[in-house]
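The values are calculated or read from the model by the stated rules, or taken from the named source; none is laboratory data. If you're wondering where the values come from, they're calculated on a predicted model, not measured in any experiment. As a convention, Cβ positions derive from the backbone with ideal geometry for all residues, glycine included, and neighbour counts pool all protein chains shown. Side chains included, ligands, DNA and RNA excluded: accessible areas come from the protein's heavy atoms. Shrake-Rupley method; radii C 1.70, N 1.55, O 1.52, S 1.80 Å.
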Amino acid sequence: MGERKGQNLYYPPDYDPKAGGLNKWQGTHALRERARKIHLGILIIRFEMPYNIWCDGCKNHIGMGVRYNAEKKQVGMYYSTPVYQFRMKCHLCDNHFEIKTDPQNLDYEIVSGARRQENRWDPTQNEQIVPETKEVQRKLFDDAMYKLEHGAKDTQAAEEAKPVLGRLFQRNDSVWRDDFEANSRLRAQFRTRKKELKLQEEKDNALLVRSSLAVALLPESDNDRSMAQLMRLHSSKTIHEKDKERRNAILNRPMLPSTSTTKSAIVTKFAGTKLEPRSLGIVKRSATSSGKESTDLSMEEKRPKVPTTAVPKVIIPKETKPSKTEDETRPQLLLCNYGSESSDSD
């Protein structure tokens, strides 16, 4: 197709073939605007960014693959390989940065105006194929023993890699032997996973409606379940809160005990002991008392008996003028008066 381009060019009537080509006759370069600085050894080319960089002017990130109109010029030689330098303007500011080729390391080097985002690693750690350096190549060419040792190392590495390569071949053969079956199995897994996600989403929405919340729920984990079980057994009050409640109860407690407390304390005190008449204040009186005491006894018996906490008093009744024989034969009765009144006659 290249030979047809010359036939489609317009040749004016005053064109002289002795002047050379059409571009030379018109005094223009074949590259037009791209060669406007060709007299300075600069050619305008389309340059693609080889890696990620940071612009020093605007501090913005420029990704790998962004294309610029760059000025290309030769700045040196590496043996027989020319070293080129490219100058371009940032599309986000007025800063210019320069990058040149590095044939020794098979890479590009930033000269000025930008800095590289470091994403490099040692290819030998990833078991990548690394080209031999110039020193190794020179030894392989000059030293026969080094070449033999180098070949033995390569053979050993190939023997060690054979089992791994065999497993990879078997796996690929078992998985991708039938493309339709592998695709069907993969789509079935996707459908099952999609149903599980939909069911979990319905449960989460129901929980949010019950709790009146509008937050995004994260999937459960074993750690979350164990923490929830521990929260059930954990007390709702801290140690400081319990101590504070205990202090308030002590401060609000009355200094003197109440009547109910005294009664219960008395009952508890005498519950397990054997009561005797002397300990209760019971005193025996003789039968030769006056008739006034008999009258007081009859009055006391007519009164209703009200239990109180006073010490009980004992009155020994007396029969009206009993005979000597009856008084000696009849046993004496002990009656207790639990009334609250007390008199000197008692």
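Considering the range 176-195, the residues that are at pLDDT 90 or above and open to solvent by 100 Å² or more (accessible area, probe 1.4 Å) include one that is farthest from THR124 (Cα to Cα), namely LYS195. The set of residues in the range 37-57 that are free of Cβ contacts under 8 Å to residues at least 60 places away in the same chain and either closer than 15 Å to GLU118 by Cβ or open to solvent by 40 Å² or more (accessible area, probe 1.4 Å) (or both) comprises LYS37, ILE38, HIS39, LEU40, GLY41, LEU43, ARG46, GLU48, PRO50, ASP56, GLY57. Listed by first and then second residue, the pairs linking a residue in the range 110-123 that is under 12 Å from LYS100 (Cα atoms) to a residue that is open to solvent by less than 90 Å² (accessible area, probe 1.4 Å) and assigned to a strand (DSSP E or B), with Cβ atoms under 6 Å apart and 6 or more places separating them unless they lie on different chains, are ILE110/ILE99; ILE110/ARG116; VAL111/GLU98; VAL111/LYS100; SER112/GLU98. Within the range 110-140, the set of residues being within 30 Å of CYS55 (Cβ to Cβ) and not in a loop (DSSP other than H, G, I, E, B) comprises ILE110, VAL111, SER112, ALA114, ARG115, ARG116. Inspect the range 108-116 for any residue being closer than 28 Å to GLN137 by Cα, open to solvent by 40 Å² or more (accessible area, probe 1.4 Å) and not β-branched (Val, Ile, Thr) and give the result as yes or no. The answer is yes, given that some residue of the range 108-116 is closer than 28 Å to GLN137 by Cα, open to solvent by 40 Å² or more (accessible area, probe 1.4 Å) and not β-branched (Val, Ile, Thr). Just to be sure, is ASP173 in a helix (DSSP H, G or I) and surrounded by fewer than 10 Cβ atoms within 10 Å (Cβ to Cβ)? Answer is yes for this residue.
Of all the listed residues (ALA206, ALA214, ALA152), the sole one being assigned to a helix (DSSP H, G or I) and within 28 Å of the chain's Cα centre (by Cα) is ALA206. Residues considered: LEU199, LEU140, LEU106, LEU186. Of these, the only one that is among the hydrophobic types (A, V, I, L, M, F, W, C) and touching a Phe, Trp or Tyr at 6+ places or on another chain (Cβ under 7 Å) is LEU140. Filter the range 82-101 for residues that are at pLDDT 95 or above and either farther than 23 Å from ALA35 by Cβ or in contact with a Pro (Cβ under 8 Å, 6 or more places away or on another chain) (or both) and give the result. VAL83, ILE99, listed by residue number. Within the range 64-98, the set of residues being over 15 Å from ILE110 (Cβ atoms) and open to solvent by less than 70 Å² (accessible area, probe 1.4 Å) comprises GLY65, GLU71, LYS72, GLY76, TYR78, THR81, PRO82, CYS93.
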